[in-house]
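Derivation of every value follows stated rules applied to the coordinates shown; laboratory data play no part. These numbers come from a predicted model, not from an experiment. Cβ: placed from backbone, ideal geometry, glycine included. Neighbour counts: every protein chain shown.
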């Protein structure tokens, strides 16, 4: 599913909104999550999951093309941890049996 | 890990603020319904095993994990972890850059 498909899907469920308004709302949603992460904050949506910022340590890596050793500074990366409901829904259709704990 | 946590409440608030400036007005309740509809649509797609690609934000991908041997951290006993499907989020380069460049207080972790 692409952003445009999500948009169409939402638009169908909110007939009072114009397509443009629906798009604006959707943009607000993701912009808000992004902005929170940029501030180093966590976004927790029960059932769906939580977005947070994780720190990666500085390390030495290699340029895969030249084999040259380069140092990679410590950095922060966005991280998503799926919530319980989402985890279960996705895994329900899993290959194999229902998992045990 | 972090001090502040954003929840549905704040997201609905943001939607409401934008809905008020827009031409088509939505109530707080409708904004909440909008948020749920968006999350539900994403969840449904993932449950069906499909990818959700949100340009400028990131992609949600379903990955299949093979069976492996894990350990009960309490008892130390080896147990089989059954094959499963998990959701991973791959942030867009734009979001990565936004977050990576963010001024952060002192080091966490």
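Observations
- Counts of other chain beta carbons within 10 angstrom of each beta carbon in peptide A:49-60 average 3.
- Legend: mean number of C-beta atoms from other chains within 10 angstrom of residue C-beta atoms, peptide B:60-70, equals 2.
- Helix-only mean residue ellipticity at 222 nm for chain A, each DSSP H run of n ≥ 4 adding -39500 (n - 2.57), per residue, nearest 500: -12500 deg cm²/dmol
- Note on A:67-73: average number of Cβ atoms from other chains within 10 Å of each residue's Cβ is 0.
- For the range B:19-83, the equivalent ellipsoid derived from the Cα gyration tensor has semi-axes of 40, 16, 10 Å, listed largest first.
- Using every pair of separate Cα atoms, the Kirkwood estimate puts the hydrodynamic radius of chain B at 17.8 angstrom.
- Peptides B:66-73, A:14-21 ordered by average Cβ neighbours within 10 Å, highest first: A:14-21, B:66-73
- Relative to the dominant Cα principal axis of chain A, helix A:3-13 is inclined by about 20°.
- Fewest-first sequence of B:75, B:45 by Cβ atoms within 10 Å of each Cβ: B:75, B:45
- Volume per residue for the protein assembly as shown equals 170 cubic angstrom (convex hull of Cα atoms).
- Cα principal axis extents for the range A:3-91, largest first, Å: 57, 29, 28
- Principal-axis analysis of the Cα atoms of chain B puts helix B:8-21 at an angle of about 30° to the longest axis.
- Helical contribution to [θ] at 222 nm, DSSP H n ≥ 4, -39,500 (n - 2.57), averaged over chain B, rounded to 500: -12500 deg cm²/dmol
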